[in-house]
1. Quick check: pseudo-label points 7 Å beyond the Cα along Cα→Cβ at residue 134 and residue 41, how many nm apart are they?
2. Between 0 and 90 degrees, rounded to the nearest ten: what's the tilt of helix 212-225 against the longest Cα principal axis of the chain?
3. Which order do 181, 133 fall in if you start with the one that has the fewest other Cβ atoms within 10 Å?
4. Can you tell me which of 92-98, 117-123 comes out highest on packing, and rank the rest after it, using the mean Cβ neighbours within 10 Å?
5. Using only the Cα atoms, work out Rg/Rh for the chain, with Rh taken as the Kirkwood radius, to two decimals.
6. Can you bin the stretch 87-164 into rounded, prolate or oblate? Criterion: square roots of the alpha carbon gyration tensor eigenvalues sorted a ≥ b ≥ c, rounded for a/c under 1.5, prolate for a/b above b/c, oblate for the rest.
7. Name the shape class, rounded, prolate or oblate, that the alpha-carbon gyration tensor gives for the stretch 154-243, where a ≥ b ≥ c are the square roots of its eigenvalues, rounded holds for a/c under 1.5, and otherwise prolate holds if a/b is larger than b/c and oblate otherwise.
8. Say each of residue 236 and residue 34 gets a label point 7 Å from the Cα, pointing the same way as Cα to Cβ; how far apart are those two points in nm?
Ligand code: GLY
């Protein structure tokens, strides 16, 4: 098991119409609460897309060895799988330098917080693509990806992940948007005309930019505008991706 868990995780999400497979942009989640992958596991403290750990060669390998055999195997068993298929991967390298890709899990859904990073890069009609999944008419041509990168920083409430606070007034949402970020609500509610905390993972602050470094800087600029008592977040979302890019 230790060997199996040795490496770097990546999220490989595709859409399937039973036969045809359309890969979404790759992404990477950050499961631990604290910087440098310390602290308890969470539902995910942030994500970025695309994930450079999935090189073009590894992408082809994953499609060939994991995704296609899974979809074809289900079809052979009489299961016409349609919709999102999410493979959680662990990527490492053998002594010969060759990539070793292992599948940790499959989810029959998109990922959170991956969705908030991947979909803003999606340049197409998502509803149409979903319909094509159902109708068996998925084609590679119908989806384009915007150039650039997305970084998604999750803002969590005090006590998360073992518990969570609630009721704190959230300030700075408009300023984060003015800083060019998208702000997706997860654990919020409205009280007396204001947004207040109402869950563990409260907001996703997402920035798009031409480079991963710029997207990270812009996302954290947005985060710096938002405040509530006890807000917690990681400061190193996308750093693993930046490390890969430097190594190239
Ligand atoms: N990001 C992990 C999940 O959606 O399962």
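Read-outs throughout are calculated quantities, based only on the coordinates presented, and are distinct from any laboratory measurement. Here the structure is a predicted model, which means the values were calculated and not measured. Reconstructed Cβ throughout: ideal geometry from the backbone, glycine too, with neighbour counts over all protein chains shown.
1. 3.4 nm
2. On a 0 to 90 degree scale, this one is about 30.
3. In increasing order of surrounding Cβ atoms, one gets 133, 181.
4. Details: 92-98: 8.3, 117-123: 20.0.
Result, highest mean first: 117-123, 92-98.
5. Values: Rg = 18.7 Å, Rh = 19.0 Å.
With Rh from the inverse mean 1/r over Cα pairs, Rg/Rh is 0.99.
6. Oblate is the answer for the stretch 87-164, as a/c is 1.5 or above yet b/c matches or exceeds a/b.
7. Values: a/c = 2.73, a/b = 1.53, b/c = 1.79.
Here the stretch 154-243 falls in the oblate category.
8. It works out to 1.1 nm between the two label points.
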